[in-house]
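Have a look at the structure below, then the notes.
Throughout, read-outs are computed from the coordinates displayed, never taken from laboratory work. Remember, predicted model here, so these are calculated numbers, not experimental data. Backbone-built Cβ (ideal geometry, glycine too); neighbour counts: all protein chains shown.
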Amino acid sequence: MVAHPRPAILTWGSKLQLWPLDGGKPKTIQDQSDYGPGGCVVDVDGDGQDDLLVQQRPGSSPLVLLKAPSWRPRIVEKETDFHDCLEFTLAGRRGVLIPHFNSQLRFYLLPGFEYKEIYSIYTASQQGGMILHDVDHDGLPDLFLGNYWVKNPGQLDVDWRLYAVNIFHDTPTAALAAFGMWKDDWLFWGETTAKNARIVAYEPPVDRKQLWIEHRLEPLDEPRAILVHPQGVFIGHADGVVLESLEGSSWRRTTIAKGMRVLKLFNDRDNVIALTPEGPRWVFPLR
């Protein structure tokens with residue numbers, strides 16, 4: 001989602017397109033591209049316009065910066081591979097968190113892209129999906145990544161600490177996750193690339209450093225998107241969108257939309273927008 005200079009949805013892949021939030025036709029910025037899935041929108045140089053950091057192509061490839069409004073690519077990392085990146089501020093320094101080659105968490109400082117090594121994760125699964133949340137209530141935003149949460153030390157040159165939420169790394173892509181933070185520090189977690197995938201609502205343990213308490217939900221195919229909303233928790237999957245609503249101590253699932261492969265979910269003034277390979281679809285409330 002692009003916030004500046006005006007809100008819109010930026011999509012990339014075989015084309016680079018900017019979609020207005022009113023449902024109008026997209027503006028095609030580049031019509032012959034082959035960008036990889038890993039990328040994020042961030043105002044790199046603080047000029048008030050959101051730029052795009054993205055893989056030059058799928059798989060191992062350079063990380064490129066496409067700076068608005070020209071969107072001409074510039075290589076800022078010679079080779080990487082990742083599924084998610086996230087804007088972050090540490091000790092007053094702006095930057096971007098990237099799981100380099102899906103395992104080596106780095107903090108790239110903006111605007112020059114010098115980086116700090118945060119943590120290297122060695123499991124049988126790639127690590128993906130990122131969301132910020134103050135897990136231990138010390139006033140600093142911590143990071144959920146894949147199987148873990150990573151404690152923010154609040155300083156650039158101090159070691160981060162890593163703690164397991166779960167131990168789902170039984171396949172090479174099991175920990176490529178989608179996240180959503182529910183009330184009272186509950187974490188929604190989805191296994192994004194699997195058929196009949198694990199979807200879990202995690203209750204935080206008293207000691208946040210222990211494995212989290214699992215409440216397994218009914219599986220879905222490829223639940224790539226989780227969005228927490230005043231109505232509940234929306235999950236986008238390979239064939240649509242469902243809503244998980246808390247009733248008493250259990251979750252009730254309602255089908256919201258079918259027949260679309262959902263890649264991402266956005267909230268625009270409580271309107272839920274599903275990003276599909278064909279473009280955005282407005283799914284709640286129905287127009």
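Which distance in nm do the two modelled labels at residue 278 and residue 117 give, with both placed 7 Å along the Cα-to-Cβ direction?
According to this spin-label approximation, the distance is 4.7 nm.
When N counts the residues of region 196-246, how does its alpha-carbon radius of gyration compare numerically with 2.2 N^0.38 Å, as a ratio? Please report the intermediate quantities before stating the final value.
Working: Rg = 12.3 Å, N = 51, 2.2 N^0.38 = 9.8 Å.
Region 196-246 yields a ratio of 1.25.
Return the sequence-ordered ³J(HN,Hα) values of region 66-81 in whole Hz as given by the Karplus equation 6.51 cos²θ - 1.76 cosθ + 1.60 applied to θ = phi - 60°, using x for Gly and Pro.
Those phi angles translate into 10, 8, 6, x, 6, 6, 6, x, 9, 6, 10, 8, 5, 7, 7, 7 Hz.
List every residue whose amide H lies under 5 Å from the amide H of residue 239, counting only residues 5 or more places away in sequence or on a different chain, with H placed 1.01 Å from N in the peptide plane.
262
Amide H neighbours of residue 115 under 5 Å, counting only residues 5+ apart in sequence or on other chains, H built in-plane at 1.01 Å?
Long-range HN contacts for residue 115: 109.
What does the convex hull of the alpha-carbon atoms of region 1-64 project to on average, in nm²? Working shown, then result.
Values: hull surface 17.3 nm².
Result: a mean projected hull area of 4.3 nm².
Given the pairs 25/78; 15/151; 195/264, which span a C-alpha to C-alpha distance of over 28 angstrom in this model? Provide the component values of the computation, followed by the final result.
Working: 25/78 35 Å; 15/151 37 Å; 195/264 17 Å.
As for pairs spanning more than 28 Å Cα to Cα, those are 25/78; 15/151.
Given (i) -0.30, -0.59, -1.33; (ii) -0.53, -0.72, -1.11; (iii) -0.25, -0.52, -1.43, which label gives log10 I(q)/I(0) by the Debye sum over Cα atoms at q = 0.07, 0.10, 0.16 Å⁻¹ as computed from the coordinates?
Among (i) -0.30, -0.59, -1.33; (ii) -0.53, -0.72, -1.11; (iii) -0.25, -0.52, -1.43, the one derived from this structure is (iii).
Could you work out how far the C-alpha centroid of region 134-182 sits from that of region 212-287, in angstrom?
When both Cα centres are located, 23 Å separates them.
Amide H of residue 15 versus every other amide H placed in the peptide plane: which residues, excluding those fewer than 5 positions away on the same chain, fall under 5 Å?
Correct list: 33.
Of 206, 241, 96, which is the most mobile in a GNM of the chain whose springs link Cα atoms less than 10 angstrom apart?
Looking only at 206, 241, 96, the largest GNM fluctuation is found for 206.
Per residue of region 216-224, what does 6.51 cos²θ - 1.76 cosθ + 1.60 with θ = phi - 60° give for ³J(HN,Hα)? Whole Hz please, x for Gly and Pro, Karplus curve as stated.
So the J values, rounded to whole Hz, are 6, 9, 4, x, 9, 7, 6, x, 7.
Go through region 232-242 residue by residue and turn each phi into a ³J(HN,Hα) via Karplus (6.51, -1.76, 1.60, θ = phi - 60°); whole Hz please, and just put x for glycine and proline.
Result, ordered by residue: x, 10, 8, 10, x, 9, 5, 9, x, 9, 10 Hz.
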